[in-house]
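Notes follow the structure.
The values are calculated or read from the model by the stated rules, or taken from the named source; none is laboratory data. These numbers come from a predicted model, not from an experiment. When we count neighbours, we look across all protein chains shown, and the Cβ atoms used for this are built from the backbone with ideal geometry, even at glycine. Heads up: the accessible areas ignore ligands, DNA and RNA and are worked out on the full protein's heavy atoms, side chains in. Shrake-Rupley method; radii C 1.70, N 1.55, O 1.52, S 1.80 Å.
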Amino acid sequence: QKEVEQNSGPLSVPEGAIASLNCTYSDRGSQSFFWYRQYSGKSPELIMSIYSNGDKEDGRFTAQLNKASQYVSLLIRDSQPSDSATYLCAVTPGTYKYIFGTGTRLKVLA
Amino acid sequence: DTAVSQTPKYLVTQMGNDKSIKCEQNLGHDTMYWYKQDSKKFLKIMFSYNNKELIINETVPNRFSPKSPDKAHLNLHINSLELGDSAVYFCASSPSMGAGYTFGSGTRLTVV
């Protein structure tokens, strides 16, 4: 079993819809959770971090964490074509070592 | 002013050569990292330094040698390059354990 799993996609959503991206992890000791956005040919960019169970909202982005079920998700409201990118989930057990998922490719259709 | 800068951006070299990639951050972060991203976009940690001290050294061939002259700089030297070393190498930094990363723009290494 991979340590951090994501559906590779592509996940296609129409413009204006809600995009829902999911990530599961295997280490129950994980403490910090991150979502990065990576445009093709560019470097990953941190968009959300979450550390405790529940929801965390930042603009059009909401991160959701459920440690009991070992999943973290990212919702993007009012999706725009500019949101089309690969979204990487990263998890750390509270050390400097982060484990990344392989990413979900999101396509927002105009 | 770029927060985490890497040079060079592209590197094309022949098998067997030795090359270096340089990274500098001006964010005042204590921790720096090298990650390798393969053709399937999987990011795998290679090394991490905290305030010039090596704290993570994954199972990377010893042809790869990191060096951190100070906490703002982390370089990666690769000896005897092989075809399988072709990838994008990202430098990153973070202010503390458990905090998010800031990535550099990456170095695309192609070994021919």
Matching residues in the range B:47-65 - criterion: being closer than 20 Å to B:Arg108 by Cβ and modelled with pLDDT under 95
B:Phe47, B:Val60, B:Pro61
How many residues are under 13 Å from the mean Cα position of the chain (by Cα) and under 23 Å from A:Ala90 (Cβ atoms) if we restrict to the range B:1-23?
5
Go through the range A:1-57 and tell me which strands (runs of 3 or more DSSP E), entirely inside it, have 2 or more residues that are closer than 18 Å to A:Lys67 by Cα and under 13 Å from the mean Cα position of the chain (by Cα).
A:19-25, A:32-38, A:45-50
Would you be able to say whether some residue in the range B:14-33 is on the phi < 0 side of the Ramachandran plot, open to solvent by less than 20 Å² (accessible area, probe 1.4 Å) and acidic (Asp, Glu)?
no
Qualifying residues in the range B:1-13 (those that are among the hydroxyl-bearing types (Ser, Thr, Tyr) and more than 23 Å from B:Gly100 (Cβ to Cβ)) - the one surrounded by the most Cβ atoms within 10 Å (Cβ to Cβ):
B:Thr13
Candidate set: the range A:1-58, residues that are of a type in the set (A, V, I, L, M) and more than 14 Å from A:Ile76 (Cβ to Cβ); chosen: the one surrounded by the most Cβ atoms within 10 Å (Cβ to Cβ)
A:Val4
Has the range B:37-51 got any residue that is of a type in the set (Asp, Glu), without any contact (Cβ under 8 Å) to a residue 40 or more places away in the chain and not in a strand (DSSP E or B)?
no
Flag for A:Ser84 being among the polar types (S, T, N, Q), farther than 17 Å from A:Pro44 by Cα and away from chain B (no Cβ under 14 Å)
no
Pair list, Cβ under 9 Å, 6 or more apart: the range A:34-60 residue within 11 Å of another protein chain (Cβ to nearest Cβ), other residue exposed (fewer than 14 other Cβ atoms within 10 Å of the Cβ) and of a type in the set (Ser, Thr, Tyr):
A:Glu45/A:Tyr39
Filtering the range B:53-112 for residues that are part of a loop (DSSP other than H, G, I, E, B), over 17 Å from A:Lys42 (Cβ atoms) and within 11 Å of chain A (Cβ to nearest Cβ) leaves a count of 5
Would you pick out the residues in the range A:85-107 that are surrounded by fewer than 21 Cβ atoms within 10 Å (Cβ to Cβ) and under 14 Å from A:Ala19 (Cα atoms)?
A:Arg105, A:Lys107
Looking only at the range B:56-112, which residues are in contact with a strand residue (DSSP E or B) (Cβ under 7 Å, 6 or more places away or on another chain), closer than 21 Å to A:Cys89 by Cβ and without any contact (Cβ under 8 Å) to a residue 24 or more places away in the chain?
B:Ile56, B:Glu58, B:Gly98, B:Gly100
